[in-house]
Amino acid sequence: MRAEIIPFLFLNHRFDERHLRKVVREIAAGGVDGVFLHPREGLLTPYLSEAWFAAIGTCVDEAKRRGIKAWIYDEFPDPSGLASGVRLGVSR
């Protein structure tokens, strides 16, 4: 088994498609095997909104074009899948 290098792409501020594509291209050019898409403090695009998912889709699309993998890392802002307090049909 070969070790893979998979950095975090910290997603914060407002998203711009051209900028997201550029960053993913630069990450891929660095010889990595993939990227973790990770929301961080400072995020100005509402988390789990249509704009959020559009930005994720842009990053995933560019990763595919560059031949690397992309994962969504949900720890925003609390650990272990709290989805920033948004309830996603989870029943208890």
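The numbers here are math on the coordinates, done by the rules we state, and not lab data. From a predicted model like this one, the values you see are computed outputs, not experimental measurements. As a convention, Cβ positions derive from the backbone with ideal geometry for all residues, glycine included, and neighbour counts pool all protein chains shown.
Brief remarks on what is shown
- Here the gap between Glu75 and Glu50, fully extended at 0.36 nm per residue and compared with their Cα-Cα distance, gives a gain of 7.1 nm.
- Segment Asp16-Ala3, extension gain: residue separation times 0.36 nm, minus the distance between their alpha carbons: 1.5 nm
- Label sites at Lys64 and Arg25, each approximated as a point 7 angstrom past Cα along Cα to Cβ, lie 1.9 nm apart.
- Relative contact order, percent, segment 8-82 [alpha-carbon distance under 8 Å, six or more residues apart]: 39 percent
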